[in-house]
Amino acid sequence: MDILLSGLLLGGTYALMAMGLNLQYGVARIMNLANGEMLVLGGLAAFWLFSAAAISPLLTNVIVAPLAFVGNWLVYRFLLLPLVRRAKTQGQLEVDSILATFGMSFVLVGVMVSIHGEYFTYSFLADPFTLLGKTVALNRLVAFVGACAIGGALYYWLNRTYSGTAVRAVSVSTEAAGLVGINVDRVSALAFAIGGAVTAVGGSLISTFITLDASIGVIFTMKALIILIMGGVGDIRGAIIAALILGLVETAVATVIDPGLTLVAAYAIFLCVLLFRPQGLFGRKTT
């Protein structure tokens, strides 16, 4: 039971990392290697506002989400959209976007180091909470509930609204979406901006129980990529389920075998998915 409960809570943390990247790559076709840095930036904002003005990290999200949305929209509009328009193939766009966002990750690291060069951590909702007879930290439970709420809201938006339907249409085929009157550039910018906002909110929630620093973003990006491939590109449901699976496997390995082998277990799952189901758990097969 300890492994199951701890694994689910860890999986909720991983889901917060991956949902934003899933939107950005699944719809806008941008492999954002600065995803982890955006998460850490959201955590830094929560830390700074909590330390300076005692503002709750939960309330911080009201500020972080719109700022991250605008910032990511500007990044897409002025940095990435020119790359999209000049790319003759999907492969060229992926290479260009990887290089561009890789450079952007260094810029964000530099900005965070200049703002706060050290590790940052704080205590918020660190009280013990009894769940199913087991004691867990309340902040981890809040982050898990937040991940479920964000995932549910995104799933409803994508499947029950006109704008969400347009986003799904673009994720299936940009050419076909354009032929039926969808503004592909505008929808892609919207998806990229929402993805960045979700990632920043995830960072704000995760910062309540994880010690962060400017250089740790690359680890979050790697975990998000594993979940993205496992769950299927563009599928929010798949991202959540893949994150929970990864959390359970890593927790089991850390408890039963050795904590140092958790990353090995994550990549073993990743390789198995690539070999036997490359489209992911819920991804569409290539036609």
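The values are calculated or read from the model by the stated rules, or taken from the named source; none is laboratory data. This is a predicted model, so every value here is computed, not measured. As a convention, Cβ positions derive from the backbone with ideal geometry for all residues, glycine included, and neighbour counts pool all protein chains shown.
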- Of the residues in the stretch 119-142, how many are of a type in the set (V, I, T) and under 23 Å from the mean Cα position of the chain (by Cα)? 2
- Could you pull out every one of the helices (runs of 4 or more DSSP H) wholly within the stretch 47-116 that has 3 or more residues that are closer than 18 Å to T211 by Cα and of a type outside the set (S, T, N, Q)? 90-115
- Name every residue in the stretch 246-257 that is in contact (Cβ under 8 Å) with a residue 24 or more places away in the chain and either within 11 Å of L10 (Cβ to Cβ) or in contact with an Asp or Glu (Cβ under 6 Å, 6 or more places away or on another chain) (or both), in order of residue number. L246, G247, L248, V249, E250, T251, A252
- Query: Which one is nearest to the chain's Cα centre (by Cα) among residues in the stretch 36-54 that are crowded, with 16+ Cβ neighbours inside 10 Å and of a type in the set (A, V, I, L, M)?
  - Reply: L39
- Message: Can you tell me which of (1) at pLDDT 85 or above; (2) small (G, A, S); (3) surrounded by fewer than 24 Cβ atoms within 10 Å (Cβ to Cβ); (4) part of a helix (DSSP H, G or I) is the one G195 doesn't meet?
- Response: (3)
- Looking at the stretch 126-141, is at least one residue in contact (Cβ under 8 Å) with a residue 60 or more places away in the chain, within 22 Å of V201 (Cβ to Cβ), in contact with a Phe, Trp or Tyr (Cβ under 6 Å, 6 or more places away or on another chain) and β-branched (V, I, T)? yes
- Query: Before we move on, is V218 among the hydrophobic types (A, V, I, L, M, F, W, C), more than 18 Å from the chain's Cα centre (by Cα) and farther than 25 Å from L158 by Cα?
  - Reply: no
- (1) farther than 21 Å from T199 by Cα; (2) among the hydrophobic types (A, V, I, L, M, F, W, C); (3) assigned to a helix (DSSP H, G or I): which one isn't true of L244, the others all being true? (1)
- Task: Go through D258, D213 for me and flag whichever is at pLDDT 80 or above, of a type in the set (D, E) and out of contact with any Phe, Trp or Tyr (no Cβ under 9 Å at 6 or more places or on another chain).
- Result: D258
- Does G260 count as out of contact with any Ser or Thr (no Cβ under 6 Å at 6 or more places or on another chain) and buried (at least 17 other Cβ atoms within 10 Å of the Cβ)? no
- Residues in the stretch 167-188: is at least one of a type in the set (A, V, I, L, M), within 17 Å of A46 (Cα to Cα) and either touching an Asp or Glu at 6+ places or on another chain (Cβ under 7 Å) or modelled with pLDDT of 90 or more (or both)? no
- Those residues of the stretch 85-114 that are at pLDDT below 90, touching a Lys or Arg at 6+ places or on another chain (Cβ under 8 Å) and surrounded by 13 or more Cβ atoms within 10 Å (Cβ to Cβ) come to a total of 2
- Task: Considering only residues that are among the hydrophobic types (A, V, I, L, M, F, W, C) and part of a loop (DSSP other than H, G, I, E, B), look in the stretch 120-145 and name the one that is surrounded by the fewest Cβ atoms within 10 Å (Cβ to Cβ).
- Result: L132
